[in-house]
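First up is the structure itself, then whatever we jot down about it.
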Amino acid sequence: MTGQLRRLIQTARGDRPADLILAGGRIIDVFTRRIFEGDVAIAGGVIAGIGRYQGKERIELKGRFVAPGFIDAHVHIESAMVSVSGFAQAVAPCGTTQVVADPHEIANVLGVAGIDYMLAAAEDQPIRIDYMVPSCVPATGLETAGAAVSAADLAPLLDRRGVLGLGEMMNFPGVVAADPEVLDKIDRCRARGKPMDGHAPGLSGRALQAYLSAGIGTDHECTGAKEAAEKLRFGMYVLVREGTGAKNLEALLPLVDERTCRRMMWCTDDRHPHDLMDDGHIDALVRKAVSLGLDPLTALQMATLNPAEAFGLKTAGAVAPGRRADLAVFSDLEAPRIELVFCRGKLVAENGRMREEVQTPPLPELPRVMNLDPQGVKFSVPAAGDAVRVIELVPGQVMTGNQTAKARIVNGRAEADVKRDLLKLAVVERYSGKGGTGIGFVRGFGLKKGALASSVAHDSHNIIAVGAGDADMKAAVAEIARLGGGLAVAADGAVKASLALPIAGLMSPEPMPAVRRRLDELTAAARALGAVPSDPFMVLSFLALPVIPELKLTDRGLVDVAAFCPVPLFL
């Protein structure tokens, strides 16, 4: 290390030629939000200096802009439905050179073995992938997960290379109530001086202050400016999320100004392949924010320096001496389309394509996570009243409404009613072999016939199905079981489209273009049945998440998230 540092200093002094010179660029200074001209001298994958330098290799930028590589401040790689290497190959051409990932999706299925897999898979990738260790596995006690990660399990993980801190603390009621197991996890992270991510939708007042007193530093669940302003006022970093299922950028953008911008940054949280391939990654958020009136340099600062500082990434986030040479080059400041991407001083992507194919490492032996006999699953609901609780979809959000509707009773059983867009919803436990099933109703999907099913069902990832009839729901669930995990559309008793996700029922080892093609087939099949949401499977996956208000469904039944307790289907 001493020799490497000596060479870096010699290069910075001009006494030694740089490995690479990016010449004639317009440098984005994210510290002061200014632009200046100069060469970028790179040695050993690190920026040695900026000015006029000589080097062994020279790339003429001809006045193009040079920005720090973008950082996604909070993302679940599993939601891209491809392997870690597949994800890295998809986002690197977008200018993303680092992500702060939370592997709690796979952890809820496989526990520590899943986290180990994600850490190992992050090695030797074209971008840097750091992790926040999942804090809530299972997310709640109101569902059945495939694994549990205790405070004792977290301790050695927090000391692993590539682990930045503690992942989103979704159990905010547990923090506020000072639950001993929750506080044990927090204490172990605090003792190491590492950051902790928050997850506190709608939390306000003294409850919010109790949550923050534990040392939790970020929140990505703000859906309105008033909520975000309170969290900023009390010291949180606010992560502005724009994913596939939840889109909060437009609602939060009016809050970004000279007083707040250094405490705000971008994240995607969950982004499906079609959005990554068609729209982009963090670059898409920057473009959208600028198109809505945000100063481009502020948007770039929020994509780079702010997350680097929030998560202690001292060698990332800026074009400056001593920083890692992770850089994005583009021509149009008002609508950045990334032309060149450098990671650790190596040109890894050009004009939207990787320069070299990244080899996907062999899939390790992972535990089987599909223990279900679909023939034993029952979707019938004996009527126990005239009215039922209904989960109401909220377009563009993972939050849902909590409504009631008159039940459609047929032969003593509550059935779906497509005329009123009242569809049956089921969550089937896939781990123990018992196949415990929670039943509910949902409005907003629009299906006229058929059913959709998925083993991607946040956060415990049991099988979730929505449908107009029990027979098609059973056919879709049976296909998921046959695949060992995945997505399926069924109608008239037959499977119309499916996608296998053999990695924990969450990810495919296939490249993203192949996965995207199958997703397009699934979406088209769902549309043919009347599905309304633009991404029906992303919407479906969040209906099982009992930490996002208001009403959700788990394998154990309906959950009133505000009250954090189960509630009966019938009123």
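The values are calculated or read from the model by the stated rules, or taken from the named source; none is laboratory data. All values reported here derive from a predicted model rather than from experimental measurement. Neighbour counts run over all protein chains shown; Cβ positions are idealised from the backbone, glycine included.
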Out of everything in the stretch 1-51 that is surrounded by fewer than 15 Cβ atoms within 10 Å (Cβ to Cβ) and hydroxyl-bearing (Ser, Thr, Tyr), what residue ends up being nearest to residue 298 (Cα to Cα)? 32
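Give, as residue ranges, the strands (runs of 3 or more DSSP E) completely inside the stretch 1-86 that count at least 2 residues that are closer than 30 Å to residue 503 by Cα and among the hydrophobic types (A, V, I, L, M, F, W, C). Quick ask: steps written out before the conclusion?
Working: elements: 18-29, 34-43, 46-51, 55-60, 65-68, 70-75.
The strands (runs of 3 or more DSSP E) meeting that bar are 70-75.
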Any residue at all in the stretch 369-382 that is surrounded by 12 or more Cβ atoms within 10 Å (Cβ to Cβ), on the phi > 0 side of the Ramachandran plot and either assigned by TED's automatic domain parsing to the domain that holds residue 425 or at pLDDT 95 or above (or both)? no
List, please: which pairs have Cβ atoms under 6 Å, are six or more places apart or on different chains, and start with a residue in the stretch 267-285 that is under 19 Å from residue 297 (Cβ atoms) and end with one that is at pLDDT 95 or above and aromatic (Phe, Trp, Tyr)? 282/70; 282/266; 285/266
Residues of the stretch 521-557 that turn out to be among the small types (Gly, Ala, Ser), closer than 15 Å to residue 444 by Cα and surrounded by fewer than 18 Cβ atoms within 10 Å (Cβ to Cβ), as a count: 2
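Among the residues of the stretch 463-485, how many are out of contact with any helix residue (DSSP H, G or I) (no Cβ under 7 Å at 6 or more places or on another chain) and in a loop (DSSP other than H, G, I, E, B)? Steps first, answer last, please.
Of all residues in the stretch 463-485, those out of contact with any helix residue (DSSP H, G or I) (no Cβ under 7 Å at 6 or more places or on another chain) come to 469-473, 475-476, 479-480, 482-485.
From what is left, the residues that are in a loop (DSSP other than H, G, I, E, B) are 469, 484-485.
The qualifying residues number 3.
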Are there any pairs, at least 6 apart or on different chains, whose C-beta atoms fall under 7 Å, with the first in the stretch 441-459 and surrounded by fewer than 24 Cβ atoms within 10 Å (Cβ to Cβ) and the second part of a strand (DSSP E or B) and among the charged types (D, E, K, R), and if so, which? 443/392; 444/392
Cβ-Cβ distance below 6 Å, separation of 6 or more or different chains: which pairs start in the stretch 375-393 with a residue that is in contact (Cβ under 8 Å) with a residue 40 or more places away in the chain and over 27 Å from residue 245 (Cα atoms) and end on one that is aromatic (Phe, Trp, Tyr) and assigned to a strand (DSSP E or B)? 384/570; 385/570
Pairs, please: C-beta under 9 Å, at least 6 apart or cross-chain, first residue acidic (Asp, Glu) and in the stretch 342-364, second part of a strand (DSSP E or B)? 350/340; 350/341; 356/348
Out of (1) modelled with pLDDT under 95; (2) touching an Asp or Glu at 6+ places or on another chain (Cβ under 9 Å); (3) assigned by TED's automatic domain parsing to the domain that holds residue 479, the one residue 359 does not meet is (3)
Flag for residue 407 being small (Gly, Ala, Ser), touching a residue at least 60 places away in the same chain (Cβ under 8 Å), in contact with a strand residue (DSSP E or B) (Cβ under 7 Å, 6 or more places away or on another chain) and loosely packed, with under 15 Cβ neighbours inside 10 Å: no
Is there a residue being within 23 Å of residue 485 (Cα to Cα) and modelled with pLDDT of 90 or more anywhere in the stretch 346-355? no
Consider the stretch 317-326. How many of its residues are surrounded by 22 or more Cβ atoms within 10 Å (Cβ to Cβ) and either part of a loop (DSSP other than H, G, I, E, B) or of a type in the set (A, V, I, L, M) (or both)? 5
Unique match (being within 35 Å of the chain's Cα centre (by Cα) and of a type in the set (Asp, Glu)) among 72, 15: 72
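List the strands (runs of 3 or more DSSP E) inside the stretch 149-250, counting only whole elements, that have at least 1 residues being aromatic (Phe, Trp, Tyr) and at pLDDT 95 or above.
It comes to 237-241.
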